[in-house]
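Since every read-out is calculated from the coordinates, none of them should be taken as a lab result. Note that the structure is a prediction, hence the values are computed from the model and not measured. Virtual Cβ from ideal backbone geometry, glycine too; neighbours counted across all protein chains shown.
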Amino acid sequence: MNTKPDQSPLYSPYWNAVKQLTWKVLVFWVVSILAAVLLSPMIKLQVFGIPLAYWLISGVLLLGFLGAVAYFAWQMDRLERQHQDGGVQSTLSDQKSK
């Protein structure tokens, strides 16, 4: 009786690294949103009649999002170069041919 599941490309080291990177970026994004929303009411200053908290939330979160996207793209490029030996591509092409 064979208890070992079929080797799927979803369990390869490449995809495990992609999933781990995705979770890191998502946790960063959620923590930055929560920090901005929970800490911004402490700021009572106003800029052009609008609370500074609004400017911080809108500006800092936008920059944080762009930074997270840039970090994700940079790390994915690095991962793809590390796993460019054809192992993932050949596994995927083998499945398509079946």
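Here are a few things to note about the model shown:
- In a fully extended conformation the segment linking residue 33 and residue 60 would gain 8.8 nm over its present Cα-Cα distance, using 0.36 nm per residue.
- Taking label points 7 Å from Cα along the Cα-to-Cβ direction, residue 16 and residue 74 give a separation of 2.6 nm.
- For the stretch 22-82, relative contact order (Cα pairs under 8 Å, six or more residues apart, normalised by length) works out to 36 percent.
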